[in-house]
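A quick write-up on the structure given underneath.
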Amino acid sequence: MKIGKHTLLAFLNRLIGFSGYRFERKPPLDSFITPYVTNYCIRGKRFSIWIPDGISKDWYDGAEKDWDTVGEIQGLTQLVKPGFHILEIGCHIGFHTMFLAQLVGPRGKICAMEASPKNALTAQAQVGLNKLEERVTILHAAGSDRARSLYFQGEHIDMSKNAEAIEILCIRGDDLLSSFGSFDVLKIDVEGYEEITLRGCEAILRSKPKLALEIHFDLLSRYGSSVSSLLDLISVGNYHGTMMVRPGWHTLHDFSVETLPSTGVVNLFLEHAEY
């Protein structure tokens with residue numbers, strides 16, 4: 001008579017149960033996610049990344065990707081030149097930060113901000129891993145329209161406290177000018193909080209930087225924002241460039257307000273018409 005695994009396990013547990021022990025079936029080792037390092041060569045730029053968790057694994061080390069053709073990589077490569085100074089608000093674990101650090105080279109500087117304490121810590125680990133301490137600064141903070149405390153849960157800013165949220169520091173991008181000087185590129189990825197973050201960067205915007213903006217159309221209303229007010233804030237009529245409309249991850253289109261979708265996520269790569 002053939003005995004099934006579950007039946008055998010139940011029998012053994014009854015047998016040794018009197019002693020306070022029990023057998024358990026453990027998952028295979030490859031089902032656990034543990035921090036590990038992955039090496040990249042993207043557009044000829046080499047860097048390494050700590051992959052700390054399952055989400056990061058899916059985003060940056062999942063199914064085989066041709067990173068050289070990803071629209072966001074193409075757009076950033078078009079905007080960024082050696083020696084540039086970049087303000088990156090919302091850097092997650094620092095994947096794009098490390099790529100940007102290679103683009104700006106040893107004469108460039110990057111100030112990157114991240115609201116999530118875990119992701120900010122990981123982004124700082126990327127700096128050490130790639131020996132970029134002289135080139136990259138990581139700040140654990142969120143960008144906002146004024147210095148204040150807000151709350152953060154998952155990947156989003158919360159305006160009010162709840163049981164799952166953590167309190168975080170919010171600062172204006174403009175308040176970094178005295179410490180870091182002017183910025184050639186302003187990159188923002190803040191999951192719907194884009195307009196409020198940009199309102200804290202009005203002085204930076206007056207200097208006409210190149211812009212790499214990730215706009216989450218479906219999340220803007222969560223913070224009382226809209227596409228039209230966001231685009232008015234950056235005086236979008238003075239800019240030209242390209243855009244990546246998801247899920248078209250590997251295609252860049254010429255940017256125009258008329259062809260923007262009304263839902264989903266779009267990455268804009270813009271420069272002032274004077275360039």
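Each reported figure results from applying straightforward, stated rules to the coordinates on display, with no laboratory input. All of these numbers come straight from a predicted model, not from anything done at the bench. Cβ: placed from backbone, ideal geometry, glycine included. Neighbour counts: every protein chain shown.
Order by neighbour count: Arg46, Arg222, fewest other Cβ atoms within 10 Å first, most last.
Fewest-to-most ranking of Arg46, Arg222: Arg46, Arg222.
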(message) Given axes a ≥ b ≥ c from the Cα gyration tensor, I'd like to know whether the range 156-275 is rounded (a/c under 1.5), prolate (a/b larger than b/c) or oblate.
(response) oblate
(request) Multiply the residue separation of His253 and Lys118 by 0.36 nm, subtract the distance between their alpha-carbon atoms, and state the gained length in nm to one decimal. (result) 45.2 nm
(request) Treating the angle as unsigned and between 0 and 90°, give the value, to the nearest 10°, between the Cα long axis of helix 117-129 and the longest Cα principal axis of the chain. (result) 80 degrees
(request) With label points built 7 Å along Cα→Cβ from the Cα atoms of Gln153 and Gln78, find their separation and express it in nm. (result) 3.8 nm
(message) I need the GluC sites (Glu not before Pro) found in the range 129-172, filtered to DSSP loop residues with at most 11 other beta carbons within 10 Å of theirs.
(response) Glu133, Glu134, Glu164
(message) If neighbour count is taken as other Cβ atoms inside 10 Å, put Thr122, Thr259 in order from fewest to most.
(response) Thr259, Thr122
(request) In debye, nearest 20, what is the charge dipole magnitude of the range 28-272 about its Cα centre with +1 on Lys and Arg Cβ and -1 on Asp and Glu Cβ, if you could check? (result) 760 debye
(request) Output the relative contact order of the chain, whole-number percent, from Cα pairs under 8 angstrom with separation of 6+ residues. (result) 14 percent
(request) Determine the shape class of the range 108-197: with a ≥ b ≥ c the square roots of the Cα gyration tensor eigenvalues, call it rounded for a/c under 1.5, and otherwise prolate if a/b is greater than b/c, oblate otherwise. (result) oblate
(request) Grab the DSSP H runs of the chain that are 4 residues or longer, score each as -39,500 (n - 2.57), total them, divide by all residues and round the 222 nm result to the nearest 500 deg cm²/dmol. (result) -7500 deg cm²/dmol
(request) Nearest 5 is fine: what % of DSSP beta bridges in the chain come out antiparallel, could you say? (result) 60 percent
(message) Using 0.36 nm times the number of residues separating Trp59 and Glu134, minus their current alpha carbon distance, what extension gain do you get?
(response) 24.3 nm
(message) With a cap of 16 neighbouring Cβ atoms within 10 Å, and only residues DSSP puts in a loop, list the trypsin sites (Lys or Arg not before Pro) found in the range 101-164.
(response) Arg107, Lys131, Arg146, Lys161
(message) Can you tally the net charge around Arg199? Count Lys and Arg as +1, Asp and Glu as -1, for every other residue whose Cβ sits under 11 Å from the Cβ of Arg199.
(response) -3
(request) Take the alpha carbon gyration tensor of the range 43-134, find the square roots of its eigenvalues, order them as a ≥ b ≥ c, and report rounded if a/c is under 1.5; if not, report prolate when a/b exceeds b/c, else oblate. (result) oblate
(request) Give the Kirkwood hydrodynamic radius (Å, one decimal) of the chain, defined as one over the mean of 1/r across all pairs of different Cα atoms. (result) 20.5 Å
